[in-house]
Amino acid sequence: MRKKGCFWLWTFSILLLCGCAEPRILEEVGLITTYGLDLAKNGSILGTIVELKIDPRAPQDVVILETEAFSIRGIRNNANKKSSKRLASGQLRVIVYGEELLKQGNTGIAETLTNDPSVSDLTYLAMADGPARDILQVKAKHIPDIGIHLFDLIDQNTKGKVIPSATLQEVLHNHYAVGIEPIMPILRKEGKEGIGFSGVALFKGSKLVGKISTHQSFYLTLIIDKYKGGIKDIEIKSSKLKPRNRRLNKTVASIDSLDSSSDIKLINKEKPEFDIDIKLSGRLLEITSKVDLGNPETIKLIEKAITKSMTKEIEKLIAYCQTKETDIFGLGEIYRSSVKHSKLTDEKWYSMFKEAKVNVNVDFSVKRTGLIE
């Protein structure tokens, strides 16, 4: 198994923290539900731990612990000194990384990776837009348990295809497989009491190299996954579609009941060239243009305009990732499986991906129409 750096090994060494098979009484342990990991000023790691207490005598159910150490095990040991319960991470559901820590890439902290059956491989990973501790320290009446809140927030938006999935299993696979790179959703503190998503973090090996917005992550999902349901506003420009507001030079179409599929093919092995074919249909819920939706020619015009807009957005996304040499689409995996004896390595694919030609073909169709503004 190859190595892109020991940062991800350090990441997954969190699984070692509760590798103990001895029985424990629930009331005697503090359950770690969330980790926040930041780069401290002296080069050590600042760990923020969300501890859930299962004890009717406890004054509060959720406790936030902070401690510094040069290793994950050190963070755990130091946190235990501050807790009245023996900490266990069998209920770990979310790991949040500070942005500065991920910019470092290889932290130099590595531990042997072993499997811990008590920790789910579906644990979510995310990056904070700033320090991770700021996310875990959010206090609001509607967030009694920040750990559960973050899990529910990520889980429902992942299942709703608002953000791409980044579980422990998926990130580990994308890190070690040649020809694809990991991604993580970016959490952002909104005001004093809110948390939302600001985009998706892109990696080259173990190092953060770029970000895309939540708007762009929609197009990423169209490429790497199937999209069903949801709603999306698409900005379209056409000389034949006049916006109702003359101060604007664009028309916005709201589409829901989205249904998509994608197919990626390698069409040139010598100089890597790919075809990405995306079929997408949806209901035209609303459009900010005075048009006759009962006219089939108008529907064709709208379909063509939306197709053109989506194609342009996807091409921009791919071009940006090529400048960062981060293949988050898995084109390298397709190349490796299609070209026998390619002996593809990370470094080789980074340069090949940067120069690869990618042809984007979008086929959008309107299933039915809704309202007109």
Practice item. For residues that are assigned to a loop (DSSP other than H, G, I, E, B) and touching a residue at least 40 places away in the same chain (Cβ under 8 Å), scanning just segment 274-318, find the one that is surrounded by the fewest Cβ atoms within 10 Å (Cβ to Cβ). Key: K290
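Filter segment 169-186 down to the residues that are open to solvent by less than 10 Å² (accessible area, probe 1.4 Å) and assigned to a helix (DSSP H, G or I), then identify the one that is nearest to R336 (Cα to Cα).
Going through segment 169-186, the residues open to solvent by less than 10 Å² (accessible area, probe 1.4 Å) turn out to be 171, 175, 179, 181-182, 184-186.
Narrowing further to those that are assigned to a helix (DSSP H, G or I): 171, 175.
Details: V171: 19, H175: 16 Å.
Checking each candidate, the answer is H175.
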Point to revise | So G205, is it touching a residue at least 40 places away in the same chain (Cβ under 8 Å) and out of contact with any Lys or Arg (no Cβ under 7 Å at 6 or more places or on another chain) | key: no
Review point. If we scan segment 27-44, do we find a residue that is acidic (D, E) and at pLDDT below 85?
Key: yes
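Looking only at segment 357-373, which residues are at pLDDT below 90 and either open to solvent by less than 30 Å² (accessible area, probe 1.4 Å) or in a loop (DSSP other than H, G, I, E, B) (or both)? Steps first, answer last, please.
Here is the first cut: in segment 357-373, the residues at pLDDT below 90 are 367-373.
Passing the criteria: G370, L371, I372, E373.
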Check your understanding: Residues L113, L17, L52, L92: which one is in a strand (DSSP E or B), modelled with pLDDT under 90, under 27 Å from the mean Cα position of the chain (by Cα) and under 24 Å from Q169 (Cβ atoms)?
Key -> L52
Check your understanding: Is segment 348-355 home to any residue that is surrounded by 13 or more Cβ atoms within 10 Å (Cβ to Cβ), touching a strand residue (DSSP E or B) at 6+ places or on another chain (Cβ under 9 Å) and in a helix (DSSP H, G or I)?
Key -> yes
Practice item. Evaluate the following for D327: is it part of a loop (DSSP other than H, G, I, E, B) and either surrounded by 15 or more Cβ atoms within 10 Å (Cβ to Cβ) or out of contact with any Pro (no Cβ under 8 Å at 6 or more places or on another chain) (or both)? Key: yes
Study note, to complete from the structure: Reported set for segment 202-253 where residues are of a type in the set (G, A, S) and in contact with a Gly (Cβ under 8 Å, 6 or more places away or on another chain) is G205, S206, S213, S217, G229, G230
Practice item. Within segment 260-273, work out how many residues are in contact (Cβ under 8 Å) with a residue 60 or more places away in the chain and surrounded by 14 or more Cβ atoms within 10 Å (Cβ to Cβ). Key: 4
Point to revise | Subset of segment 195-214 that is small (G, A, S) and in contact with a strand residue (DSSP E or B) (Cβ under 9 Å, 6 or more places away or on another chain) - its residue that is surrounded by the most Cβ atoms within 10 Å (Cβ to Cβ) | key: A201
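Residues are listed down the side, and each one gets a yes or a no for (1) under 12 Å from the mean Cα position of the chain (by Cα); (2) at pLDDT below 90:
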site: I143; (1), (2): no, yes
site: L168; (1), (2): yes, yes
site: V209; (1), (2): no, no
site: I212; (1), (2): yes, no
Point to revise | Top-ranked residue of segment 301-359 - restricted to ones that are farther than 18 Å from D277 by Cβ and of a type in the set (V, I, T), ranked as nearest to the chain's Cα centre (by Cα) | key: I328
Revision key, fill the gap. Residue count, segment 150-168, condition surrounded by fewer than 22 Cβ atoms within 10 Å (Cβ to Cβ) and of a type in the set (V, I, T), comes to 3
Review point. Can you name the residue in segment 119-149 that is closer than 16 Å to K192 by Cα and part of a helix (DSSP H, G or I) and, of all such residues, is most open to solvent (accessible area, probe 1.4 Å)?
Key: R133
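Per-residue answers, yes or no, for (1) part of a loop (DSSP other than H, G, I, E, B); (2) buried (at least 16 other Cβ atoms within 10 Å of the Cβ):
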position: Q216; (1), (2): no, yes
position: Y219; (1), (2): no, yes
position: L222; (1), (2): no, yes
position: K226; (1), (2): yes, no
position: G229; (1), (2): no, no
position: K232; (1), (2): no, yes
position: S238; (1), (2): yes, yes
position: L241; (1), (2): yes, yes
position: S254; (1), (2): no, yes
Exercise for review: Exactly one condition in (1) modelled with pLDDT under 90; (2) among the basic types (K, R); (3) within 30 Å of the chain's Cα centre (by Cα) is not met by K279; state its number.
Suggested key: (1)
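Restricting attention to segment 336-347, and to residues there that are open to solvent by less than 30 Å² (accessible area, probe 1.4 Å), touching a residue at least 24 places away in the same chain (Cβ under 8 Å) and part of a loop (DSSP other than H, G, I, E, B), which single residue is farthest from K265 (Cα to Cα)? Break it down into steps so the answer makes sense when it comes.
We begin by selecting, within segment 336-347, every residue open to solvent by less than 30 Å² (accessible area, probe 1.4 Å); these are 339, 342, 344, 346.
So of that shortlist, the ones also touching a residue at least 24 places away in the same chain (Cβ under 8 Å) come out as 339, 344, 346.
Add one more test, that the residue is part of a loop (DSSP other than H, G, I, E, B), and what stays is 339, 344.
Working: V339: 12, L344: 18 Å.
Step by step, filter segment 336-347, then rank; the result is L344.
The values are calculated or read from the model by the stated rules, or taken from the named source; none is laboratory data. All figures in this text were calculated on a predicted structure; none of them were measured in a lab. Positions of Cβ are backbone-derived with ideal geometry, glycine not excepted, and every protein chain shown enters the neighbour counts. Just so you know, the surface numbers come from the protein's heavy atoms only, side chains and all, with ligands and any DNA or RNA stripped out. Shrake-Rupley method; radii C 1.70, N 1.55, O 1.52, S 1.80 Å.
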